[in-house]
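The structure under discussion appears below in the form of structure tokens.
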Amino acid sequence: MTTGIANPPHRHTEPSETLYVSEHRIYCDGGGALGHPRVFLEMGPDGKVECPYCDRLFVLKHGADGETDH
């Protein structure tokens, strides 16, 4: 996972929200005025990545470019 920050905070909790996306590289800013610094994230081999700040889970949509069936 590439976050663009040296040591992001990490919590081991359930995702606060699940967002389905069509790109392998996405960014998260926490949404809203009280979000967090923008971080760029890269999908893992399982087509998922979790934001280290707000625990949002990003999932690659079925049929998205570059997706492989497992």
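Quick look at the numbers
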read-out	value
Of residues in segment 23-66 being touching a Leu at 6+ places or on another chain (Cβ under 9 Å) and aromatic (Phe, Trp, Tyr), the one surrounded by the most Cβ atoms within 10 Å (Cβ to Cβ)	Phe58
Among residues of segment 17-64, those that are hydroxyl-bearing (Ser, Thr, Tyr) and part of a loop (DSSP other than H, G, I, E, B), counted	2
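No lab work stands behind these numbers, since they all come straight from the coordinates. Predicted model only: the values in this text are computed from it and were never measured. For neighbour counting, all protein chains shown are included, and Cβ atoms are generated from backbone atoms with ideal geometry for every residue, glycine included.
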